[in-house]
Amino acid sequence: MTTLPDFRLETHFSRWEFKARHHMTASDAETIGMGELLALADDTDREAWDKLTLGYTETYGAPALRLAIASTYQGLSAADILCFAGAEEGLYCAMLALLGPEDHAIVTVPNYQSMETLPVTIAASVTGVPLRPENNWRLDLADVHAALKPNTKLIAVNFPNNPTGSIADQQTFKALAELCAERGIHLFSDEVYRGLERDPALRLPQAAELFERGISLNVMSKAYGLPGLRIGWIACRDHHLLERMEKMKHYLSICNSRPSEVLATIALKAREHLLDRNRALCAENLQKLGAFFAEFPNLYEWREPDGGCVGFARYLGPDGVENHCRRLVEEAGVLLLPSSLFVSDLLPVAQDRFRVGFGRKDIEVGLAAWRQHLQSGGAMKRSA
């Protein structure tokens with residue numbers, strides 16, 4: 001494995017995330033306070049919290065936590081769950097466990113950088129499959145078939161997608177799983193935004209539910225809005241794979257935070273309450289965001305995403321999206337992510353896009369600062 005390149009998005013966040021006054025590109029839903037979360041606990045979990053000691057916990061994750069996670073899947077048990085310190089650690093271990101120097105992988109583009117970078121640094125070759133804006137960023141199974149090789153070991157997808165918010169249609173996703181099952185390919189499915197679909201009918205089955213080589217990645221950070229817990233997991237019925245990943249975890253976090261495990265268990269038992277709350281907030285914010293973009297049709301092109309809490313808007317101004325995003329954060333304190341942070345080594349990514357988030361409260365405050373910047377001449381109008 002070669003040296004990993006800088007993580008473009010995280011490097012950008014290191015500079016701006018906590019300095020910008022208006023974080024308008026956040027990829028997580030609104031969080032809650034400790035008191036509000038503990039108020040959701042049942043008697044058993046409240047007692048577990050009150051009597052908590054700060055020792056090590058099991059590498060696989062606390063039994064109660066794994067049981068709560070397993071309850072969010074059909075047909076899975078706690079034995080099918082391996083917990084991690086966030087989703088990134090799980091993704092890292094999975095790619096190392098799944099791929100070798102003789103293997104080929106397929107990944108969707110655009111995507112979260114590590115889902116591409118890690119396979120590229122490990123495998124013999126990697127092929128990108130495009131999510132095209134003219135197809136509403138939907139996956140085309142014909143592209144997957146065209147990318148297959150005799151040594152294809154892994155197909156990695158992310159729905160709802162980051163940064164586009166697209167979701168594959170039900171038939172396509174199930175056909176993808178069937179293709180993987182027929183060819184003995186692992187399907188790695190990043191499902192961290194599952195539960196935030198704009199329409200419940202769009203919600204996909206989880207890959208781990210569909211066949212033994214289906215791998216589902218999830219985390220408390222995104223749809224649940226609890227990134228500070230640093231609790232993620234992989235669900236998979238391939239126990240040999242889980243064992244390989246557990247051995248890699250020994251070199252990383254070793255185990256999760258015991259307090260976070262109890263808090264995550266409480267949240268998962270109250271998952272419908274949290275997801276209903278966050279879906280409602282996303283729906284409300286989407287209306288406000290859509291109305292904002294409609295005020296400036298010469299500058300922006302916007303399509304509501306299928307799910308998640310981020311979308312990939314198009315900037316139409318002649319100064320270009322890079323300059324536009326730079327001026328917004330430097331002059332108005334409004335943070336967006338230009339498409340250069342989502343470039344791929346495998347396929348072109350549209351260079352006139354930016355990621356905007358809509359999962360947090362008080363979005364109108366950021367929109368007001370954004371609007372004032374535009375009205376004061378902070379953007380160049382597109383030529384007629």
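Details
- Qualifying positions in the stretch 267-285 - surrounded by fewer than 20 Cβ atoms within 10 Å (Cβ to Cβ) and either touching a residue at least 60 places away in the same chain (Cβ under 8 Å) or closer than 28 Å to THR44 by Cα (or both): LYS269, ALA270, ARG271, GLU272, HIS273, LEU275, ASP276, ARG277, ALA283
- Only one of ARG194, ARG198 that is touching a Leu at 6+ places or on another chain (Cβ under 8 Å) and either open to solvent by less than 10 Å² (accessible area, probe 1.4 Å) or under 21 Å from THR265 (Cβ atoms) (or both): ARG194
- Just one of the listed residues (ARG244, ARG237, ARG277) is closer than 30 Å to LEU148 by Cα, out of contact with any strand residue (DSSP E or B) (no Cβ under 8 Å at 6 or more places or on another chain) and basic (Lys, Arg), and it is ARG244.
- Yes/no for LEU289 being open to solvent by less than 10 Å² (accessible area, probe 1.4 Å), within 24 Å of the chain's Cα centre (by Cα), farther than 25 Å from GLU191 by Cβ and not β-branched (Val, Ile, Thr): no
- Enumeration of residues in the stretch 368-384 that are at pLDDT 95 or above and either crowded, with 20+ Cβ neighbours inside 10 Å or not polar (S, T, N, Q) (or both): ALA368, ALA369, TRP370, ARG371, HIS373, LEU374
- LEU217 of a type in the set (A, V, I, L, M, F, W, C), farther than 15 Å from ILE234 by Cα and in contact with a helix residue (DSSP H, G or I) (Cβ under 6 Å, 6 or more places away or on another chain): no
- Looking across the stretch 46-58, just one residue is crowded, with 17+ Cβ neighbours inside 10 Å and either aliphatic (A, V, I, L, M) or under 16 Å from CYS236 (Cα atoms) (or both), and that is ALA48.
- Take the conditions (1) touching a helix residue (DSSP H, G or I) at 6+ places or on another chain (Cβ under 6 Å); (2) polar (S, T, N, Q); (3) within 16 Å of ARG326 (Cβ to Cβ); THR11 misses just one of them, which is (1).
- Listed conditions (1) open to solvent by 10 Å² or more (accessible area, probe 1.4 Å); (2) aliphatic (A, V, I, L, M); (3) in contact with a Phe, Trp or Tyr (Cβ under 8 Å, 6 or more places away or on another chain) are all met by ALA87, apart from (3).
- Considering only residues in the stretch 122-133 that are in contact with a Leu (Cβ under 6 Å, 6 or more places away or on another chain) and outside any loop (DSSP other than H, G, I, E, B), the one that is surrounded by the most Cβ atoms within 10 Å (Cβ to Cβ) turns out to be GLY128.
- Of all residues in the stretch 287-318 being of a type in the set (Phe, Trp, Tyr) and touching a Lys or Arg at 6+ places or on another chain (Cβ under 8 Å), the one that is nearest to GLN375 (Cα to Cα): PHE292
- Look at (1) aliphatic (A, V, I, L, M); (2) open to solvent by 10 Å² or more (accessible area, probe 1.4 Å); (3) touching a helix residue (DSSP H, G or I) at 6+ places or on another chain (Cβ under 9 Å) and you find that VAL107 fails only one, number (2).
- Answer from ALA332, ALA313, ALA264, ALA294 - the residue that is of a type in the set (A, V, I, L, M) and touching an Asp or Glu at 6+ places or on another chain (Cβ under 9 Å): ALA313
- Checking VAL356, VAL321, VAL334, VAL365 one by one, the residue that is β-branched (Val, Ile, Thr), touching a residue at least 12 places away in the same chain (Cβ under 8 Å), surrounded by 24 or more Cβ atoms within 10 Å (Cβ to Cβ) and more than 27 Å from PRO200 (Cβ to Cβ) is VAL334 and no other.
- Test result for GLY228, surrounded by fewer than 18 Cβ atoms within 10 Å (Cβ to Cβ), closer than 20 Å to ILE363 by Cβ and not charged (D, E, K, R): no
- Out of SER260, SER216, SER189, SER221, sole residue that is out of contact with any Ser or Thr (no Cβ under 9 Å at 6 or more places or on another chain) and surrounded by 20 or more Cβ atoms within 10 Å (Cβ to Cβ): SER260
- Near pairs, Cβ below 7 angstrom, 6+ apart or cross-chain, from the stretch 238-249 (without any contact (Cβ under 8 Å) to a residue 60 or more places away in the chain) to any residue that is outside any helix (DSSP H, G or I) and open to solvent by 20 Å² or more (accessible area, probe 1.4 Å): ASP238/GLU212; ASP238/ARG213
The values are calculated or read from the model by the stated rules, or taken from the named source; none is laboratory data. Note that the coordinates shown come from a computational prediction; the quantities given were computed from them, not determined experimentally. Please note: Cβ atoms are built from the backbone with ideal geometry, for glycine as well, and neighbour counts cover all protein chains shown. Please note that ligands, DNA and RNA were not included when accessible areas were found on the heavy atoms of the full protein model with its side chains. Shrake-Rupley method; radii C 1.70, N 1.55, O 1.52, S 1.80 Å.
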